[in-house]
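Before any comments, here is the structure.
Read-outs throughout are calculated quantities, based only on the coordinates presented, and are distinct from any laboratory measurement. Only a predicted model underlies this, so the values are computations on that prediction, with no experimental measurement involved. Cβ sites come from the backbone with ideal geometry, for glycine too, and all protein chains shown count toward neighbours.
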Amino acid sequence: MIASQQTDTQVDEVAAGIYRISTPMDVIPGGFTFNSYLVVDDEPLLFHAGLRKLFPNTLEAAGRVIAPEKLRWIGGSHFEADEFGALNDLLAAAPQATPFGAEIGVLTSLSDFAVRPPRGFKGGEEFSIGSRRMKWMDTPHVPHGWDCGVLFDLSTGTLLCGDLFTQPGANLPAVTESEILTASEGMRGMMDYYAHATSTTAILEKLAGLGPSTLACQHGSAYRGDGAALLRELAARIEHGNGRLATQSA
């Protein structure tokens, strides 16, 4: 862990060259973490600009690993404050960085919001940031947002999976090999933040097919292990819940 005397923001390497930047906040009882992921390569990438009010924390934390002005890519899963709130502040600090997201996100939000022309990726599109190839995966409405997508690092098998496995709590390990589904399902049941899309199972199966070995979650711990099995178990639980609701409403 790379700690700071000035903030509660922690920086931990959760996969080779991938750093979790995590800030706890008291937004729900027991606390909640807001995570961004810094992928170090010739063209460093930050997945999730983070909340605007956390910009100083995020910038300082990234600076413990690289000079922030070296950032070349800044993006997020879908257009919400905790994904893109600090985008323009970060673009000012990193004058050569390109904002990015899903094509539909660029069309509906980023092209207007970003102070620099954004890059929109098609589902399944790959791009290089140096020695790594990154793959954008469209996941519309999974868990939420028409423009939703996730990012896969082919070199380490790390899936930057956004809100898929949101876990509550402020004092969680940066990365765990213990299952995280129980905690995330508790959060899903409490907040009902999934969009109940008919395509959910198919999208989760497509992600499982990538065979991720690390799930880099935006809220809570990152998970190291059989990511495909966890994604399929999530799909099964959602299917079971949908079936129960259908039976109750019949």
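Miscellaneous remarks
- Failed condition for Gly211, given (1) within 17 Å of Ile18 (Cβ to Cβ); (2) assigned to a strand (DSSP E or B); (3) touching a residue at least 12 places away in the same chain (Cβ under 8 Å); (4) out of contact with any Lys or Arg (no Cβ under 6 Å at 6 or more places or on another chain): (2)
- Search result, residues across segment 59-71 that are touching a Phe, Trp or Tyr at 6+ places or on another chain (Cβ under 9 Å) and assigned to a helix (DSSP H, G or I): Ala61, Ala62
- Filter result (touching a residue at least 40 places away in the same chain (Cβ under 8 Å) and among the hydrophobic types (A, V, I, L, M, F, W, C)) within segment 55-83: Ala61, Ala62, Val65, Trp73, Phe79
- Filtered residues of segment 98-142 (kept if of a type in the set (S, T, N, Q), under 21 Å from Thr156 (Cβ atoms) and part of a strand (DSSP E or B)): Ser128
- So Thr201, is it surrounded by fewer than 19 Cβ atoms within 10 Å (Cβ to Cβ) and of a type in the set (Val, Ile, Thr): yes
- The single residue among Glu179, Glu205, Glu239, Glu233 that is touching a Lys or Arg at 6+ places or on another chain (Cβ under 8 Å) and acidic (Asp, Glu) turns out to be Glu205.
- Selection within segment 169-202 - more than 23 Å from Ala15 (Cβ to Cβ) and not hydroxyl-bearing (Ser, Thr, Tyr): Glu185, Gly186, Met187, Arg188, Gly189, Met190, Met191, Asp192, Ala195, His196, Ala197, Ala202
- Residue match in segment 39-58 (condition: more than 17 Å from the chain's Cα centre (by Cα), crowded, with 22+ Cβ neighbours inside 10 Å and not in a loop (DSSP other than H, G, I, E, B)): yes
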